[in-house]
Amino acid sequence: MFDLSVIGIGYGSLLMLALLILLLLTGMQLAFVTGLVALIFTIGWFGVDAMPLITSRMYSFVDSYVFLAVPMFVLMAALLDRSGIAVDLFDAMKRVARKLRGGVAVQTLIVAVILASMSGVIGGETVLLGILALPQMLRLGYNRKLAIGTTCAGGALGTMMPPSIVLIIYGMTASVSIGDLFKAAFLPAAILASFYVAYVLIRSYLNPSLAPLPSAEELAADDARDINYFKALLFPGLTVAVVLGSIYTGVASVTEASALGVVGIMISALIRGELNGRMLWESARSTMQTCGMIIWIGIGASALVGVYNLMGGIDFVESVILSLSDGHVMTTVLIMMAILLVLGMFLDWVGVALLTMPIFVPIITNLGLDPIWFGVVFCLNMQVSFLSPPFGPAAFYLKSVAPKDISLGEIFSALVPFIFLQIIALALVVAFPQLALWWQ
């Protein structure tokens, strides 16, 4: 039987990292890569008798009560995707912003914020906006990059905007209050959305050719359409109020609020005459697929981190980071952020959170920093990674529904200004933690 413990934690960490990269390059799924590496190091470092460690880590991850909120919010997003609520909301907002230069782009961002506040899942929002908003802006003669960037960046706001699933997973991993995380993320998310709106308006008014106003014929055609503003705005407004209002006021926990949100969406769809067996089946199936992916990644990552912790990994990583930063608190945070940004370009956010937060959060706490604040910093880092090449998932979501003449390279180039805006928002939260801790 080989004994990996003789090489020490330093070389053991390098070997673990090399093995992870090698297996990922073979095309194996992250969940199975982490699980396999965890098994190899459990047996190689502690022996066969330590294998129950993996099963205990698996159980501790899936046994978390707050994890029930994840499938509820994913189900909300799935039901929202298959109802006409988002379509009616977009049409109603279009009538409000149509005479504003850049108005369709601004309304796209406002609808993105509302949708994000209803579900907290970025994939469905990006696809929805790609179907609803992008063709509208291109037909009106909007600059292609402005239209593409606005649609894609707006769709990714679900990363930051409560009830973000990214925040829920972070809260589970860091063992902090998810309700407090939602409160902390609200203002930074609003600031980021405001940056997007300001950017669109400034560019549109400095160069009117980028965002032409609709013609008189198009305005007349919109006026002729019968839009029930009450129905279009009531259901989204009530859902946001019930979900976020119940959490912020303490009336309901995050898990209870997520269930209320699902009930609210189902009642809305029923009143609209859209609720049927096929819609429920497709929504449930989509939810199971998404949650299955999250659970398997969580199981593998939890097992790997558990083994690494017993090997002495947290103390080793902390000593390396502190030595690189020479003990400076902010330099330590910047090193962690650099690691998160690099990992976010290549790994799914679930894997990044579950692999790094059990190591980073204790370091943050030992430095005297607030883990709630760091959760917002983490989400902003993931927000950047969602748009960044080579594997920015938001770009791939949009590509799946964008016109065929829009290439993936064009989408990434259109996202560059929005990535800079994200970095500015991230820098503000790092420099001024009170932006995230305003509610304390």
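The values are calculated or read from the model by the stated rules, or taken from the named source; none is laboratory data. This one's a predicted model, so the numbers in the text were calculated from it and none came from an experiment. Cβ coordinates were reconstructed from backbone atoms using ideal geometry, including for glycine residues, and neighbour counts include every protein chain displayed. The area values use the complete protein model at the heavy-atom level, side chains included, leaving out ligands, DNA and RNA. Shrake-Rupley method; radii C 1.70, N 1.55, O 1.52, S 1.80 Å.
Computed FRET efficiency, Cβ-Cβ of ALA198 and LEU39, R0 41 Å: what is it to the nearest 0.05? Working shown, then result.
Values: r = 50 Å, r/R0 = 1.23.
Once the sixth-power term is evaluated, E becomes 0.20.
So, in the chain, how many Lys pairs have Cα atoms under 28 Å apart, if the pair is 8 or more places apart or on different chains? Show your work: numbers first, answer last.
On the way: LYS94/LYS145; LYS94/LYS231; LYS94/LYS399; LYS94/LYS404; LYS99/LYS145; LYS99/LYS231; LYS145/LYS399; LYS145/LYS404.
Here the count comes out as 8.
Among ASN143, ASN309, ASN207, whose mean-square fluctuation peaks in a Gaussian network model of the chain (Cα, cutoff 10 Å)?
Between ASN143, ASN309, ASN207, it is ASN207 that shows the largest mean-square fluctuation.
Separation between the ASN366 and LEU68 pseudo-spin-labels, each 7 Å from Cα along Cα→Cβ, expressed in nm?
3.6 nm
Using a 1.4 angstrom probe on heavy atoms only, work out the carbon and sulfur share of the accessible area of segment 152-211 in %.
Numbers: 1100 of 1640 Å².
Result for segment 152-211: 67 percent of the exposed heavy-atom area is carbon or sulfur.
Taking the Cβ-Cβ separation of VAL251 and ILE7 as r and a Förster radius of 45 Å, what is the calculated FRET efficiency to the nearest 0.05?
Working: r = 54 Å, r/R0 = 1.20.
Given R0 = 45 Å and the Cβ-Cβ separation, E is 0.25.
Given 0.36 nm per residue, what is the gain on full extension from SER215 to MET288 after removing their alpha carbon distance, in nm?
Working: separation 73, 0.36 × 73 = 26.28 nm, distance 4.52 nm.
Additional length available on full extension: 21.8 nm.
Seen from all sides and averaged, what is the projected area of the convex hull of the Cα atoms in segment 232-289, in nm²?
Details: hull surface 17.7 nm².
Projected area, direction-averaged: 4.4 nm².
Please check the chain for the longest run free of trypsin sites (Lys or Arg not before Pro) that are loop-located per DSSP (anything but H, G, I, E, B) and have at most 11 other Cβ atoms within 10 Å.
On the way: sites that count: LYS99, ARG225, LYS404.
Between exposed loop sites, the widest span is 226-403.
Where does segment 161-205 land on the Kirkwood hydrodynamic radius, alpha-carbon pairs, in angstrom? Walk me through the intermediate numbers first.
Numbers: mean 1/r = 0.0858 Å⁻¹.
Over segment 161-205, the inverse of the mean reciprocal pair distance is 11.7 Å.
Can you run the Rg to Rh ratio on the chain? Use alpha carbon positions and the Kirkwood inverse-distance Rh. Provide the component values of the computation, followed by the final result.
Working: Rg = 22.7 Å, Rh = 22.8 Å.
We get a ratio of 0.99 for the chain.
At a Förster distance of 60 Å, what's the computed FRET efficiency of TYR205 paired with LEU270, Cβ-Cβ distance as r, to 0.05? Please report the intermediate quantities before stating the final value.
On the way: r = 43 Å, r/R0 = 0.72.
That gives a FRET efficiency of 0.90.
Whole-Hz ³J(HN,Hα) for each residue in segment 420-426, computed from phi via Karplus 6.51 cos²θ - 1.76 cosθ + 1.60 with θ = phi - 60°, x for glycine and proline: what do you get?
Couplings: 4, 5, 5, 5, 4, 4, 4 Hz.
Roughly how many nanometres apart are two label points built 7 Å out from the Cα toward the Cβ at ASP326 and LEU280?
6.5 nm
Given a 1.4 Å probe and every protein chain left where it sits, what share in percent of the accessible area of segment 357-436 is carbon and sulfur?
Details: 2130 of 2880 Å².
Taking all protein chains in place, segment 357-436 shows 74 percent carbon and sulfur surface.
Keeping all protein chains in place, calculate the accessible area per residue for the chain (probe 1.4 angstrom), answer in Å².
Values: 18040 Å² over 440 residues.
Value returned for the chain: 41 Å² of accessible area per residue.
Tell me whether segment 180-338 comes out rounded, prolate or oblate; compute the Cα gyration tensor, take square roots of the eigenvalues as a ≥ b ≥ c, and use a/c under 1.5 as the rounded threshold.
The shape class here is oblate.
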